[in-house]
Amino acid sequence: MAYIDVNNDKERIRQMQDYLRRLSRWTDDSALYVRGDGIYGENTKNAVRHFQQSRGILPTGEADRNTWDAIYHAYTAYKEYFENSKPIHPFPNTPGYHVELGERSSLVCILKIMLNEIKLFYDCYAYLPLNYKYDQAMAGAVMEFQRVVGLEPTGIVDKYTWNRLAEEYDLAVKEGGAQ
């Protein structure tokens, strides 16, 4: 029995078409590609049939509950793999907050990791040993980073410096991969 009423479930059909279209892109399988028009036409039926066949489901082309669940589970598994990772926000949103020489915190360690990754592209300061202390070497690295990206070289990590570090870190990781 069909899980989708081909005459009355436009939204559910559109949702399934979206899942199949994304699976098509993620798996590089053009036979799964279908427009999201909410119509259970021949293209959708063929895409469903192809999906069923690839998963060992009787290839009827009908979206029964078993097929719907298999499409949804495949979609969620691939989505988890292909979507962007969730961001973290370790820098406090407290107005005027900054990190400076002498501070000891996990944020300092995070900053050192970011600076070390960016160093691979700028190479204008020495590698920073990972610890929780904002020492003179780190202040120098922050000042060099600030100078290179056009910020006032204070050696203090304020919200502006944090945001530039975050942007540069994201670019470095995308281009070279975290080390």
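Of all the residues in the stretch 23-46, those that are closer than 12 Å to residue 13 by Cα and among the hydrophobic types (A, V, I, L, M, F, W, C) number 2.
The residues in the stretch 101-160 that are open to solvent by 20 Å² or more (accessible area, probe 1.4 Å), in a loop (DSSP other than H, G, I, E, B) and among the hydroxyl-bearing types (Ser, Thr, Tyr) can be counted, and the count is 5. Filter the stretch 13-44 for residues that are under 14 Å from residue 3 (Cβ atoms) and part of a helix (DSSP H, G or I) and give the result. Correct list: 13, 15, 16, 19, 44. Among residues that are assigned to a loop (DSSP other than H, G, I, E, B), among the hydrophobic types (A, V, I, L, M, F, W, C) and at pLDDT below 90, residue 4 is included. Here the stretch 52-78 is the region considered, the condition is being among the polar types (S, T, N, Q) and closer than 22 Å to residue 25 by Cβ, and the residue that is most open to solvent (accessible area, probe 1.4 Å) is 53. Scanning the stretch 33-43 for residues that are in contact with a helix residue (DSSP H, G or I) (Cβ under 6 Å, 6 or more places away or on another chain) and open to solvent by less than 60 Å² (accessible area, probe 1.4 Å) gives 34, 36, 38, 40. Of the residues making up the stretch 45-80, those that are free of Cβ contacts under 8 Å to residues at least 12 places away in the same chain and outside any loop (DSSP other than H, G, I, E, B) are 53, 66, 69, 73, 76, 77, 80. Conditions: (1) open to solvent by 60 Å² or more (accessible area, probe 1.4 Å); (2) at pLDDT below 95; (3) under 30 Å from residue 136 (Cα atoms). Residue 81 meets all but one. Number of the miss? Just one mismatch for residue 81, condition (3).
The values are calculated or read from the model by the stated rules, or taken from the named source; none is laboratory data. This structure is a prediction, so every number in the text was calculated from the model and none was measured. Note that each Cβ is placed from the backbone with ideal geometry, even for glycine, and that neighbours are counted across all protein chains shown. All accessible areas refer to the heavy atoms of the entire protein, side chains included, with ligands and DNA or RNA removed. Shrake-Rupley method; radii C 1.70, N 1.55, O 1.52, S 1.80 Å.
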